[in-house]
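Visitor: I'd like to ask you about the structure that follows.
Laboratory data are not the source of any read-out in this text; all were calculated from the coordinates shown. Note that the structure is predicted; figures quoted are calculated from it, not measured. Cβ placement follows ideal geometry from the backbone for every residue including glycine, while neighbour counts extend to all protein chains displayed.
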Amino acid sequence: MSNTRSALITGVTGQDGAYLSQLLLEKGYEVHGILARRSSDTLWRLRELGIENEVRLVDGDLTDLSSMIRAIETSKATEVYNLGAQSFVGTSWQQPLLTAQVDGVGALNVLEAVRIANPEAHFYQASTSEMFGLIQAEMQDEKTPFYPRSPYGVAKLMAHWATVNYRESFKMHASSGILFNHESPLRGIEFVTRKVTDAVARIKLGQQRELRLGNIDAKRDWGFAGDYVEAMWLMLQQPTADDYVVATGLTTTVRDMCHIAFRHVGLSPDDHLVIDEKFFRPAEVDVLLGNPGKAKAKLGWSPKTSLEQLITMMVDADMRRLTK
């Protein structure tokens, strides 16, 4: 019998799924990833990290309990990471029921599949700072009350409490990582940081003139996804399961983040930035600022990448893509 540890990742083709796969492969795991065949080329992130052929893809869908049970049985996974979601907040107002099904009920399906197929497996739920929404404390930690401000935040809150409930009801090793915004060159183009870095690269190369954004005074706690997946792994190595805020403890406006990106290529945002009403959210989350004290104390985790390093890394990656 092999001593190789096996992990199953939902959302394996997303930003976090790709970086987590890379981390686990480096640690000698056999990595299985759920592939929901809903869209065209979803494997570009795994390809970009050079691991496309090392991840074992399993057909399945978060909304299909039977496929999740089969995936856990066939992968013989001892660690299950639920990263799959409709993860764009803006879309959640247009597709609230889909978001509830995938992000809320989907997480419940994975928990139930683990309970049925392998209750000894360690489970990770990707919770989110969007659950804090209309913030009830200046700095948010594991004890801060939740007040979600989007259908996405509401669905994720259901998944979060379901994880707590399965931990307490069935004594499962089920942990939630309440991750604050985390970005990378693998971020989808619909997210504000990547929208900015892609536009800055295009403007620098003369391919477009302006960058249109909504509320640039919103503040976010931004970190590097490659750092944050390490915290996920560390949670599942603990003797007991728990919930952890994963953040940098620093907050920056969208405006200042834009300045970093433009400055990196020697341009001024004042010449290119346009505020567009259509990008404002129906209910805005003005400030998010996480306190990662518990993750530092209990997991020994802390972020390694500054926002300046992160944004310049993303601009450089977009410049490379566009000049290929």
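Visitor: At 222 nm, what value in deg cm²/dmol follows for the chain if DSSP H runs of at least 4 each add -39500 (n - 2.57) and the sum is divided by all its residues, to the nearest 500? Display every interim value, and only then the final one.
Guide: Values: 11 runs with 123 residues, N = 324.
It lands at -11500 deg cm²/dmol.
Visitor: Next question. For segment 253-311, which GluC sites (Glu not before Pro) pass both filters: DSSP loop (anything but H, G, I, E, B) and at most 16 other C-beta atoms within 10 Å? Show your work: numbers first, answer last.
Guide: Numbers: sites: Glu277, Glu284, Glu308; in loops: Glu284.
Answer in residue order: Glu284.
Visitor: Mind pulling the angle between the C-alpha long axis of helix 307-323 and the longest principal axis of the chain? Nearest 10 degrees, somewhere in 0 to 90.
Guide: Relative to the chain, helix 307-323 is tipped by roughly 80 degrees.
Visitor: State, as an integer percentage, the relative contact order of segment 54-157 based on alpha-carbon contacts under 8 Å between residues 6 or more apart.
Guide: Details: 149 pairs, mean separation 33.3, N = 104.
The normalised contact order for segment 54-157 reaches 32 percent.
Visitor: Continuing with the same structure: Share of antiparallel DSSP beta bridges in the chain, in percent to the nearest 5?
Guide: Values: 2 of 36 bridges.
Beta bridges within the chain, antiparallel portion: roughly 5 percent.
Visitor: Which of Ile216, Ile9, Ile69 has the fewest other C-beta atoms within 10 Å, and how do the rest follow up to the most?
Guide: Numbers: Ile216 17, Ile9 29, Ile69 20.
Going from least to most buried by this count: Ile216, Ile69, Ile9.
Visitor: Still on this structure, I have one more. Using only the C-alpha atoms of segment 183-308, find the volume of their convex hull and express it per residue in Å³. Intermediate values should be presented prior to the final figure.
Guide: Working: hull volume 14.4 nm³, N = 126.
Dividing the Cα hull volume of segment 183-308 by its residue count gives 114 Å³.
Visitor: Could I ask something else about it? Taking amide H atoms as placed 1.01 Å from N in the peptide plane, list the residues 5 or more away in sequence, or in a different chain, whose amide H sits under 5 Å from that of Gln140.
Guide: The list, which skips near neighbours in sequence, is Leu289, Gly290, Asn291.
Visitor: Enumerate the amide H contacts of Val58 below 5 Å, restricted to partners 5 or more residues apart or on another chain; note that Pro and chain-start residues carry no placed amide H.
Guide: Those qualifying (amide H under 5 Å, at least 5 residues apart or on another chain) are Gly33, Ile34, Leu35.
Visitor: Can you give the net charge of the other residues whose Cβ lies under 9 Å from the Cβ of Glu142, counting K and R as +1 and D and E as -1?
Guide: Working: positive: Lys143, Lys294; negative: Asp141, Asp242, Asp243.
It works out to a net charge of -1.
Visitor: Still on this model: Two-decimal Rg/Rh of segment 129-179 from alpha-carbon positions, Kirkwood Rh? Provide the component values of the computation, followed by the final result.
Guide: Details: Rg = 11.5 Å, Rh = 11.5 Å.
Checking Rg against Rh, the ratio lands at 1.00.
Visitor: Separate question: Enumerate the amide H contacts of Tyr147 below 5 Å, restricted to partners 5 or more residues apart or on another chain; note that Pro and chain-start residues carry no placed amide H.
Guide: Phe132, Gly133, Leu134
Visitor: Could you give each residue of segment 205-219 its phi-based ³J(HN,Hα) in whole Hz, using Karplus coefficients 6.51, -1.76, 1.60 with θ = phi - 60°, and x for Gly or Pro?
Guide: Residue by residue, segment 205-219 yields 8, x, 8, 8, 9, 9, 10, 9, 9, x, 7, 8, 9, 4, 10 Hz.
Visitor: Continuing with the same structure: Identify the trypsin sites (Lys or Arg not before Pro) of segment 27-118 meeting these criteria: DSSP loop state and at most 11 other C-beta atoms within 10 Å of the C-beta. Provide the component values of the computation, followed by the final result.
Guide: Details: sites: Lys27, Arg37, Arg38, Arg45, Arg47, Arg56, Arg70, Lys76, Arg115; in loops: Lys27, Arg37, Arg38, Lys76.
Here the trypsin sites (Lys or Arg not before Pro) that fit, given the DSSP loop and packing criteria, are Lys27, Arg37, Arg38.
Visitor: Which of (1) 128; (2) 159; (3) 245 is the computed volume of the Cα convex hull per residue in Å³ for the structure on display?
Guide: Looking at volume of the Cα convex hull per residue in Å³ for this model, the match is (1).
Visitor: Lysine pairs in segment 177-324 with Cα distance under 29 Å, only those 8 or more apart or on different chains: how many are there?
Guide: Lysine pairs, 8 or more places apart or on different chains, close enough: 16.
Visitor: Additional query: Going out from 0 in 10 Å bins, what whole percent of all Cα-Cα distances in segment 6-160 drops into each bin?
Guide: Binned Cα distances yield the sequence 12, 39, 34, 15, 1.
Visitor: Grab the other residues whose beta carbon is less than 15 angstrom from that of Thr4, score K and R as +1, D and E as -1, and report the net. Write out the running numbers ahead of the final one.
Guide: Values: positive: Arg5, Lys27, Arg56, Lys76; negative: Glu26, Glu30, Glu54, Glu79.
Combined, the nearby Lys, Arg, Asp and Glu give 0.
Visitor: Treat each spin label as a single point 7 Å out from the Cα along the C-beta direction, and report the Thr323 to Glu73 distance in nm.
Guide: 5.3
Visitor: I need to check one value: relative contact order of the chain, counting alpha carbon pairs closer than 8 Å and at least 6 residues apart, in percent.
Guide: Numbers: 645 pairs, mean separation 54.9, N = 324.
Relative contact order comes out at 17 percent.
Visitor: Show log10 I(q)/I(0) for segment 17-57 at q = 0.35 Å⁻¹, two decimals, from a solvent-free Debye sum over equal Cα scatterers.
Guide: Here the Debye-derived log intensity ratios amount to -1.38.
Visitor: Just to be sure I understand: if I project the alpha-carbon convex hull of segment 167-212 onto a plane and average over all orientations, what area do I get in nm²?
Guide: Values: hull surface 19.6 nm².
Its Cα hull, projected and averaged over all orientations, spans 4.9 nm².
Visitor: For the residue pair Val265 and Arg37, what label-to-label distance in nm results when each label sits 7 Å from Cα along the Cα-to-beta-carbon direction?
Guide: 3.8
Visitor: Can you give the Rg to Rh ratio for segment 15-105, taking only C-alpha atoms and Rh from Kirkwood? Intermediate values should be presented prior to the final figure.
Guide: Numbers: Rg = 13.8 Å, Rh = 14.2 Å.
Radius of gyration relative to Kirkwood radius: 0.97.
Visitor: Which semi-axes, in whole Å and largest first, does the equivalent ellipsoid of segment 73-206 have when worked out from the alpha carbon gyration tensor as the square roots of 5 times its eigenvalues?
Guide: Values: eigenvalues 175, 70, 39 Å².
Semi-axes (√(5λ), whole Å): 30, 19, 14.
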